[in-house]
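Please read the structure below before turning to the comments.
The values are calculated or read from the model by the stated rules, or taken from the named source; none is laboratory data. As the structure is a prediction and not an experimental result, all values here were calculated from the model. Cβ coordinates were reconstructed from backbone atoms using ideal geometry, including for glycine residues, and neighbour counts include every protein chain displayed.
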Amino acid sequence: MVASLAPSIQHDTQRQRFTAEVAGLTCIATYQRRGHHIVMDHTGVPAELQGQGLAALLVQAALDWARQEGLKVVPQCSYVAVYMRRHPETLDLLYRATPADQ
């Protein structure tokens, strides 16, 4: 993990994203809010910072927020999908479409 960097994660609800500034570089996880769920559509960490757990911190912050807000999550971003599979405690957040959603 990123214990030595200890980034502060910011949530920008207007731009629908979570960010962390590290060494002057921005890491990001974006989403689109759609009623009672969010579509997590992108996670990005600059190449210089990859492999330090920053994407995981951003995704976990987003999932924690979704849980607090009572929102379900559509993991459109492949990183978010893998993260949720690796962290089964988050699987209850998965959005499951019902016939009424069709």
Which residues, counting only those in region 1-34, are in a loop (DSSP other than H, G, I, E, B) and either out of contact with any Asp or Glu (no Cβ under 8 Å at 6 or more places or on another chain) or at pLDDT 95 or above (or both)?
Met1, Val2, Ala3, Ser4, Leu5, Ala6, Thr13, Gln14, Arg15, Gln16, Gly24
Being closer than 9 Å to Ile38 by Cβ and either of a type in the set (Gly, Ala, Ser) or under 11 Å from the mean Cα position of the chain (by Cα) (or both) is the filter here, so list the residues in region 66-77 that pass it.
Ala66, Val73, Val74
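Determine whether Val22 is in contact (Cβ under 8 Å) with a residue 24 or more places away in the chain, farther than 16 Å from Val80 by Cα and not charged (D, E, K, R).
On the way: in contact (Cβ under 8 Å) with a residue 24 or more places away in the chain: yes; farther than 16 Å from Val80 by Cα: yes; not charged (D, E, K, R): yes.
Considered against the rule, which asks whether it is in contact (Cβ under 8 Å) with a residue 24 or more places away in the chain, farther than 16 Å from Val80 by Cα and not charged (D, E, K, R), Val22 comes out as yes.
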Would you mention how many residues in region 44-70 are closer than 19 Å to Pro88 by Cβ and not in a helix (DSSP H, G or I)?
1
